[in-house]
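Read the structure below first, then the notes.
Laboratory data are not the source of any read-out in this text; all were calculated from the coordinates shown. Note that the coordinates shown come from a computational prediction; the quantities given were computed from them, not determined experimentally. Neighbour counts are summed over all protein chains in view; Cβ atoms, including those assigned to glycine, are modelled from backbone coordinates with ideal geometry.
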Amino acid sequence: MSIVKTDTAAPPAEPKPLQLTRRSMPTWIPWAVAVAAVGVGLLTKAVQGNWALGGFFAGLFYVVVVSLASWQIEDRRRASDRLATSIVYSAFVVAVVPLVSILWYTVQQGWEKLSPEFLSHSMNGVGPRDDKGGIYHAIIGTLEQVGLAGLIAVPLGLLTAIYLVEYGRGRLARTITFFVDVMTGVPSIVAGLFVYAFWILALGFEASGFAGSLALAILMLPTVVRSAEEMLKLVPNELREASLALGVPKWRTVLKVVLPTAIGGIITGVMLSIARVIGETAPLLLLVGLSQSINTDPFSGWQSSIPLFVFDQNHSGSRFAPDRAWAAALTLIIIVMLLNLVARLIARWKAPKAGR
Amino acid sequence: MTTRPRLARRSAAFAAIAVAGALTLTACGSDDNSDKPASGETTNAANPPGGSSSAAAPAKLDCPTGTLQGAGSSAQKNAMDEWVKAFQQKCSGAKVEYNGNGSGAGRQAFFDSQVAFAGSDASIADADVAKGTAACKGTPAINLPMVTGPIAVAYNVSGVKDLVLDAKTIAGIFAGQIKTWDAAEIKALNPKATLPSTPIQAVHRSDKSGTTENFTKYLKAAGGDAWAAAPSQDWPSQEGQSAKGSDGVANVVKTTAGAIGYMEGSFAENAGLGVAQINTGAAAPVKLTPEAAGKAVSAAKITGTGNDLKLQLDYATKAEGAYPIVLVTYEIACEKGTPADKLPLVKSFLTYTSSEEGQSILAKNGYAPLPAEIATKVRTAVAALS
Amino acid sequence: MSTSITPESRDNAQRDSGSRRSPKADQAHGADAKPNKTQVRLGDRVFLGLSRGAGITLLVIMAGIAVFLVVKALDALGDNNGNFLTDSTWVTDGSKPAFGVAGLVGGTVISAGIAMLIAVPVAVGVALFITHYAPRRVAQTLGYIVDLLAAVPSVVFGLWGLVFLSPKLLGLHTWLSDYLGWIPIFDKDETGTTARTLFTCGIILAIMVLPIIAAVTREVFLQVPRAHEEAALALGATRWEMIRTAVLPFGKPGIISASMLGLGRALGETIAVAMVLSSSQEFTYKILDPGGNTIAANIANQFAESNDLGRGALIASGLVLFVLTLLVNGAARVVINRHKEFSGANA
């Protein structure tokens, strides 16, 4: 890379005194600009009556003014560095605000209804005018369906990734890689339709939790393959070579050296894929039948699931339904958080120390 | 490398945690949502627990055990929920699951023999009769009218109460011809009201729906040349806003000033929306009540044969006190040919829903009970299921 | 990094060494070495068979989906009285069914396009923030939060978008059409009081896919060789110059594949769009007006009440969505292949 020649106005005749420290902007300037930006934001809010717009202009004002000031006081390179820093920080704020808003709103709407009774009861025999019932049956359904989907998709996906990274050459591997990408784009409802036609219409099984698991497994598969593939690729070849050079057979090298090295990233990938499917509604709508009562057997009879429950309650006419929907949404988010937490702990506990 | 974790072990641990969690939960969950402790009341109670059935004669049931699955119309979901609740209180060995995922889905599931009965906003189409027969092992599937519900035309206009509309005006509004609330056509029907000049936001369903079909049938039959499009499950015009489901329409109407939309009566009631009275050409505008809807249904003709009780409604009725925008939903079941293990349950459950006690529950939920004459025929048909 | 060998040569080397070693071992140890040798070979063969089988299973599933979609779609297309690709009506019952996906494809592409325009830059920013800007101590927590947010189910996004967000965006709609109305897409016909538009759906989709893109991109940024970064800094580069010259080029294929992951979800997102959008079948490019629809939302809205033909038609539209994602992925692969020299395996 080339270091840009600075355009400071020093006369070229006299060689510059060692420029180890360049003129840098006094620290109070960004703060002053920030205060001014808040003023701009408030002004915009007063004129346009919109907080979002106010925030937008305040941010814009800060970014532009600080960059310009830096350009004048410092130089162009540092100005663009400051500009980039401001933009990266605001990108984070822009991303976090709506996401926090969703969590906060869900907690606010769902907290009151969430109770041991809500968690330990099904919707069996709850009339439209009853403020009762709960999501116990849906929790069971979700855990069993997602668990089964994971049991199908994780080994299959991991083996596929191993094939692609460790063995795969030539046309078959290229074809698989391509179709993993295509599979990523399979809309959940299409996966549901496929299982519906294959499992229920063609093979003649009844709607059940397992049918839902099949669709979820299809949705999980590409995410598992892709993330596992990425992680396996990142394992340095030196490790493989060292192991092979010691005479360890390839399959043991893969299982004992490559997988453990990549395990942290793989678990993250699996968690993300579970995160993708645990909230899926569309395929389950076609496949698991939507029960109101407890059914612990995923292989026969209808089941429910938490997202399905949210969807169902949101479309119910009962005036108690929206509360139940929000409480179920909150429960779902909490379950996902716990799963994530456990996965993180395992990953941190087991993962070999990485470079950073 | 000192630690050599194996992925298989880890994912097995994961699965184990999930399964163990599920099993632990199994131990403490409950299907029991009744008001009283479950221990006292047992099966075959002749007197229904709770006060839900008040004056109506209690239904006599033989209470088989097992699980019955039905699917279909979301319009009758609320009625089903009440019925399932009451039925299960009377027959604690029986479990009924009703999936209100839509009439089409319900009929399809019935044709595929996935469910023992389907709830449907429309009777089986002529083209589908053969499929019904196939699903019923060669005997015809029959339509049993079970729930009738008025469709409300609900609005959100500040300061306006007791709005009166007629079919022509409603058609004009939903076709985008009448654009503001102070339009001459609306003023003519509401001489006393102070109507604002707010633009009208007509809200319709974005999904296929029996409600849309019945509503457009009404507009076509009673609106004359103000409504050109043919009745259909899909909203035929591009005017106005749309929302998914009756709850979605109710929600948009509630949150949008100047909005008007159509939905099942119970949704308008739940959302606390103003509901238009309909000027049918009778002496006084008709308010939406279960009785008024029942009157319109009793004027319907039975077009089915034998125990098939397909109804044809007269949407252009001018009968005094009859609310013309009505939805009749059916239960579709096999006349004969229901699998032997499901038959007692189907029969028992439908006996309950068509009984006086079952029908009397409806009115509290914004539905209308079946008119006596039709109800009697339904009971006969249910008794003949075999 | 130039010293590392290519996968092909590594593989060959291993194969060579294996074949060279075993005869020697046979000679040296006679019968004792035999079980060991077969074990090694058997283990490798079984493992290879298993992993190849898994890959083939995946292909079979994809073939099954494709075959099923095509067969069902062809059934329905035979009964179509309209032009499937250029019409935007959707009438599947009655005597003259006619349906076409033009409007649906338009809405799908527009809403997903808006989502990507917003989400990709922001997600890259978030990933950069977590990997290179945030204090080390909080970075991991922030990354964890982003992962969690990827798990918020679409039903919740739908609820939130409908109840909370869309009323709040009404002001932005008015503002955009007031000041930028001269740009055709910001033109607004209706004085409508709703923000349940393609624009709002695009924003909601952006929020939905952002954590996914950010999470994957972050993982990639973390893999940038430390040496590259330190070399850039040692040469006197500012932090931004280091990112521009070392991090972004290395992460480019990762960013693209992360974006594809996000685009896939945005194109196929069903429930949230179905709940939020005030839809109509006809195509509209005016993203601030209610109207338009997406393929997936249309399937969700229509499926339950559809007859056989209707379901076939919806499946045909699903096939179009499928082909759409296929094209997008094909384009992405071309881009990634062009940047293959940055693949981590040889770093």
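Quick notes
- Positive-end residue, region A:136-350 charge dipole about Cα centroid, Cβ charges, pick of A:154, A:194, A:288: A:154
- Assigned charges on the beta-carbon of Lys, Arg, Asp, Glu; region C:76-340 dipole about Cα centre (debye): 1080
- Every pair of different Cα atoms in region A:64-109 enters the Kirkwood calculation, which places the hydrodynamic radius at 12.2 Å.
- Long pairs among B:192/C:286; B:90/B:254; B:85/B:208, criterion Cα-Cα beyond 30 Å: B:192/C:286; B:90/B:254
- Along each principal axis, Cα extent of region C:86-194, largest first, Å: 66, 36, 27
- Near the amide H of residue B:326, within less than 5 Å, lie the amide hydrogens of B:151, all on another chain or at least 5 residues away, with H placed in the peptide plane.
- Ordering C:312, B:159, A:210 by Cα displacement along the dipole of the protein assembly as shown toward the positive end leaves A:210 in first place; charges were set at the Cβ atoms of Lys, Arg (+1) and Asp, Glu (-1).
- Summed residue charge, Cβ within 11 Å of residue B:227's Cβ, Lys/Arg positive, Asp/Glu negative: +2
- For residue B:180, the amide hydrogen comes within under 5 Å of the amide hydrogens of B:200, counting only partners 5 or more places away or on other chains and with H modelled in the peptide plane.
- Whole-Hz couplings from phi, Karplus 6.51/-1.76/1.60, listed for region B:354-366; x for Gly and Pro: 8, 5, 4, 4, x, 5, 5, 5, 4, 4, 5, 10, x
- Normalising the average separation of contacting C-alpha pairs (under 8 angstrom, six or more residues apart) by the number of residues puts the relative contact order of region A:28-110 at 21 percent.
- Simple Cβ-charge dipole of region A:115-197, Lys/Arg +1 and Asp/Glu -1, about Cα centre, in debye nearest 20: 420
- With helices as the sole contributors, chain B gives -10500 deg cm²/dmol at 222 nm; each DSSP H run of n ≥ 4 counts as -39500 (n - 2.57), and the sum is divided by every residue.
- Percent of Cα-Cα distances greater than 14 Å, calculated over region A:28-110: 68
- Counting, for every residue in B:198-208, the Cβ atoms of other protein chains within 10 Å of its Cβ and taking the mean gives 5.
- Burial ranking of peptide ranges C:67-79, B:104-116 (average Cβ count within 10 Å, highest at the top): B:104-116, C:67-79
- Inter-site label distance for residue A:56 and residue C:182 at 7 Å from Cα along Cβ, in nm: 1.8
- Note on residue A:101 and residue B:386: their simple-model spin labels are 6.5 nm apart, each label 7 Å out from Cα toward Cβ.
- A simple count of charges around residue C:312, restricted to other residues whose Cβ falls under 13 Å of its Cβ and scoring Lys, Arg +1 and Asp, Glu -1, yields -2.
- Gyration tensor (alpha-carbon) shape descriptor, region B:151-292, a/c threshold 1.5: rounded
- Counting only other chain Cβ atoms within 10 Å of each residue's Cβ, the peptide A:131-138 averages 2.
- Inter-centroid distance (Cα atoms) of region B:345-366 relative to region B:215-276, Å: 28
- For chain B, alpha-carbon Rg over 2.2 N^0.38 Å: 1.13
- The residues neighbouring residue A:113, those whose beta-carbon lies less than 12 Å from its own, together hold a net charge of -2 under the Lys/Arg +1, Asp/Glu -1 convention.
- Inter-chain neighbour count for C:122-129: the average number of beta-carbon atoms from partner chains within 10 Å of each residue's beta-carbon is 6.
- Each Cα pair of region B:111-194 feeds into the Kirkwood radius, which the Stokes-Einstein equation turns, at 37 °C and 0.692 mPa s, into a diffusion coefficient of 194 µm²/s.
- Whole-Hz couplings from phi, Karplus 6.51/-1.76/1.60, listed for region C:116-131; x for Gly and Pro: 5, 4, 7, 6, 4, x, 5, 5, 4, x, 4, 5, 4, 4, 5, 8
- Computed from point charges on the beta carbon alone (+1 for Lys and Arg, -1 for Asp and Glu), the dipole magnitude for chain A about its Cα centre is near 1280 Debye.
- With the highest mean first, a sort of the peptides A:253-262, C:291-300 on other beta-carbon atoms found within 10 angstrom per residue produces C:291-300, A:253-262.
- Karplus 3J(HN,Hα) series, Hz, for region A:274-282 with 6.51 cos²θ - 1.76 cosθ + 1.60 (x for Gly, Pro): 5, 4, 5, 8, 5, x, 5, 10, 4
- With neighbours defined as other Cβ atoms within 10 Å of a residue's Cβ, the residues A:92, C:186 order from fewest to most as C:186, A:92.
- Distance from region B:369-386 to region C:152-214 (C-alpha centre basis), Å: 51
- Relative contact order %, chain B, counting alpha carbon pairs below 8 Å whose residues are six or more apart: 22
- Computed on chain A, with alpha-carbon pairs under 8 angstrom and 6+ residues apart, the relative contact order is 20 percent.
- Using the Cβ-Cβ distance between residue A:111 and residue B:341 with R0 = 56 Å, the FRET efficiency computed as 1/(1 + (r/R0)^6) comes to roughly 0.80.
- Once the gyration tensor of the Cα atoms in chain A is diagonalised, the equivalent ellipsoid follows with semi-axes of 48, 35, 17 Å, ordered largest first.
- Residues of region B:72-99 with amide N under 13 Å of a point placed 7 Å along Cα→Cβ from residue A:129: B:79, B:82-83, B:86
- The ellipsoid that matches the Cα gyration tensor of region C:250-317 has semi-axes, each √(5λ) in whole angstrom, of 28, 17, 10, with the longest given first.
- Two-site label geometry, residue C:96 and residue B:30: point separation in nm, points 7 Å out along Cα→Cβ: 6.2
- Near the amide H of residue B:368, within less than 5 Å, lie the amide hydrogens of B:148, B:149, all on another chain or at least 5 residues away, with H placed in the peptide plane.
- Take each peptide in B:184-191, A:118-125, count the other Cβ atoms within 10 Å of every residue, and average; sorted highest first, the result is A:118-125, B:184-191.
- Per residue, the convex hull spanned by the Cα atoms of the protein assembly as shown amounts to 197 cubic angstrom.
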